[in-house]
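The values are calculated or read from the model by the stated rules, or taken from the named source; none is laboratory data. Computed from a predicted structure; not experimentally measured. Every residue, glycine as well, gets a Cβ built from its backbone with ideal geometry; the counts of neighbours run over all protein chains shown.
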Ligand code: ARG
C-alpha cells in the first residue's frame with residue numbers, strides 16, 4: 001500500500017476497497033494536463049514572490065515538465081490508493097525530483113487546485129465546442145443555400161400546414177445553434193475566472209500573488225472570495241445547461257431526420273457512411289447516428305440534474321460530494337463534441353429528395369391558406385374566407401381531389417370573387433415565393449437570412 005501524502009495524523013490505513021470507493025483517479029486523470037499546467041503557474045508565482053527560492057522553483061518546474069512529457073507518452077502509472085490526479089502527480093513529482101517536490105503544495109490546497117483544473121479544462125473544451133457549432137452551422141448554410149427554392153411541406157401538429165422553402169426549414173436550426181453558441185460564449189466569461197490561491201477555503205498566510213498565477217494561466221479574472229472560489233460549481237452547471245439546450249435542439253433535428261428517412265416520408269436519404277444495416281433484415285438502412293444523438297440527449301439532461309442535486313444541499317465550503325461533479329462534465333463534453341461532429345457530417349452528406357417533397361405539397365391541402373388569404377385580399381372578412389375555403393376542402397375530400405383540381409365553375413360557386421388567377425396563387429411554389437414578410441419563407445427572405453448567417457460565420 002502506498003503511503004498517503006496526508007498520512008501523518010493517521011494510525012491505520014483504509015482497506016483497498018474503501019480507498020477505491022473514495023478515489024477519483026479512474027476518471028479525473030482526464031485533468032492531467034490542466035493539473036500540471038496549474039502547478040507550473042503556481043510554482044512560478046511561488047518563485048517570483050520569493051516564497052520559494054529560484055532554484056527550488058526551477059527544480060520543480062523541470063520536474064513538472066518531465067511529468068508532462070511522461071503524461072503525453074501515456075507513461076504515468078496511476079494508483080488508486082493515491083486517490084486522485086492531484087496526489088498522484090504530486091507523488092510522481094516527489095519520486096522524480098526528491099523532497100523539494102513537496103514544496104509545490106505551499107500556499108495551495110487540493111480544493112483550489114481541483115477547481116482551477118476544472119476551469120482550465122472547461123475553458124478549453126467550450127472553445128472547441130463553439131468551433132464545432134460554427135462548422136455545423138456552415139454545413140447548414142450551404143445546404144440551405146442549395147435548397148432555397150426546394151419546396152417542402154411545413155408542418156404543425158405533424159399535419160401538413162403550409163408549403164415552405166426547405167432551405168428555410170434548415171436555417172431554423174442555424175439560428176438555434178447560433179443561440180446555443182452565444183450561451184456557451186456567455187458562460188465562458190464565468191469559466192474564465194481563477195480560483196487558484198483560495199487555498200482550502202480561507203486563503204493563505206503566504207504572500208502569494210493570485211493575479212499573477214491567474215495571468216500565467218490565461219484567466220481574465222480571479223474569484224473575489226476564497227470560499228466562493230472553492231465552493232461553487234455554477235460555471236459547470238451553466239455549461240451543462242447550455243449543453244442540454246443544444247442537445248435538445250439536435251435531438252429535435254435528429255427526430256426529423258429519422259422521420260424524413262422513413263419509407264413513409266422519404267424526404268431525405270442518409271449517406272451509407274452514417275447509416276447501419278440490420279443483422280436480419282437485408283433491406284434495412286437505419287439512421288442510427290441520428291437516433292443515438294436523440295438518445296444521448298438524455299444523459300446530458302441527467303448530468304445537469306445530477307450536479308444540481310449534488311450541490312443543492314451541501315454547506316460551504318468544499319465537501320467530498322463535489323468530487324461527483326466530474327464524470328458528468330467529462331461525459332457531457334464528449335457527448336456534445338461527438339454529436340456535433342456526427343451531425344455536421346450527417347447533414348453534409350444527406351441526399352435531399354426534392355421530387356418527393358414536391359410530390360407531397362402537390363398532393364395536399366397545404367395551399368388552403370392561400371385561398372383564404374386570396375379571398376380576404378378581395379375584401380371578404382377572413383373568418384368568412386376561412387369558412388368558404390374549408391367547405392371547398394371538404395368538397396375536394398368527397399370528390400377525392402385537391403384544390404387545384406377544382407374547375408372555375410366549382411370555385412365561382414363557392415365565391416364569385418374568385419378569378420382565373422387563383423390557379424397561380426394556389427401553386428405551392430408561388431405560395432412560398434409570396435411570403436415576403438420579414439423572416440418569412442419567401443425566397444428573398446431566405447436569401448437574406450443566408451447572407452446574415454454567412455456574415456455571422458465570418
Ligand atoms: N478529488 C477531489 C475532488 O475531485 C479533489 C479535492 C479534494 N479535496 C479534499 N479536501 N479532499 O473533489
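Here are a few things to note about the model shown:
- Test: residue in segment 227-246 that is under 30 Å from residue 354 (Cα atoms) and in contact with a helix residue (DSSP H, G or I) (Cβ under 9 Å, 6 or more places away or on another chain): yes
- Matching residues in segment 297-316 - criterion: being under 14 Å from the mean Cα position of the chain (by Cα) and either without any contact (Cβ under 8 Å) to a residue 12 or more places away in the chain or farther than 16 Å from residue 257 by Cα (or both): 298, 299, 300, 301, 303, 304
- Number of the condition not met by residue 65 [criteria: (1) farther than 29 Å from residue 21 by Cα; (2) within 16 Å of the ligand (Cβ to nearest atom)]: (2)
- Taken over segment 176-188, residues that are under 21 Å from residue 260 (Cα atoms) and free of Cβ contacts under 8 Å to residues at least 24 places away in the same chain amount to 0.
- Checking each residue in segment 226-273 for being surrounded by fewer than 18 Cβ atoms within 10 Å (Cβ to Cβ) and touching a strand residue (DSSP E or B) at 6+ places or on another chain (Cβ under 7 Å) picks out only 269.
- Single match in 122, 64, 89 (criterion: buried (at least 22 other Cβ atoms within 10 Å of the Cβ), within 18 Å of residue 196 (Cα to Cα) and in the same structural domain as residue 192 (by TED's automatic domain parsing)): 122
- Residue check for residue 359: over 24 Å from the mean Cα position of the chain (by Cα), at pLDDT below 95 and either closer than 30 Å to residue 154 by Cβ or within 16 Å of the ligand (Cβ to nearest atom) (or both): yes
- Filter result for residue 32 (more than 21 Å from residue 197 (Cα to Cα) and either in contact with a strand residue (DSSP E or B) (Cβ under 9 Å, 6 or more places away or on another chain) or surrounded by 13 or more Cβ atoms within 10 Å (Cβ to Cβ) (or both)): no
- So residue 80, is it touching a strand residue (DSSP E or B) at 6+ places or on another chain (Cβ under 8 Å) and within 16 Å of the ligand (Cβ to nearest atom): no
- Members of segment 367-382 that are part of a helix (DSSP H, G or I) and touching a residue at least 12 places away in the same chain (Cβ under 8 Å): 368, 369, 370, 371, 372, 373, 374, 375
- One residue stands out in segment 83-108 among those that are in a loop (DSSP other than H, G, I, E, B) and within 32 Å of the chain's Cα centre (by Cα): the one that is nearest to the ligand (Cβ to nearest atom), namely 84.
- Of the residues in segment 180-196, at least one is in contact with a helix residue (DSSP H, G or I) (Cβ under 6 Å, 6 or more places away or on another chain) and within 16 Å of the ligand (Cβ to nearest atom).
- Scanning segment 263-320 for residues that are more than 16 Å from the ligand (Cβ to nearest atom), under 30 Å from residue 23 (Cα atoms) and outside any helix (DSSP H, G or I) turns up just one, 313.
- Failed criterion for residue 289 (all others in (1) touching a strand residue (DSSP E or B) at 6+ places or on another chain (Cβ under 9 Å); (2) surrounded by fewer than 19 Cβ atoms within 10 Å (Cβ to Cβ); (3) within 25 Å of residue 128 (Cα to Cα) hold): (2)
- The single residue among 368, 377 that is farther than 17 Å from residue 166 by Cα, within 45 Å of the chain's Cα centre (by Cα) and crowded, with 17+ Cβ neighbours inside 10 Å turns out to be 368.
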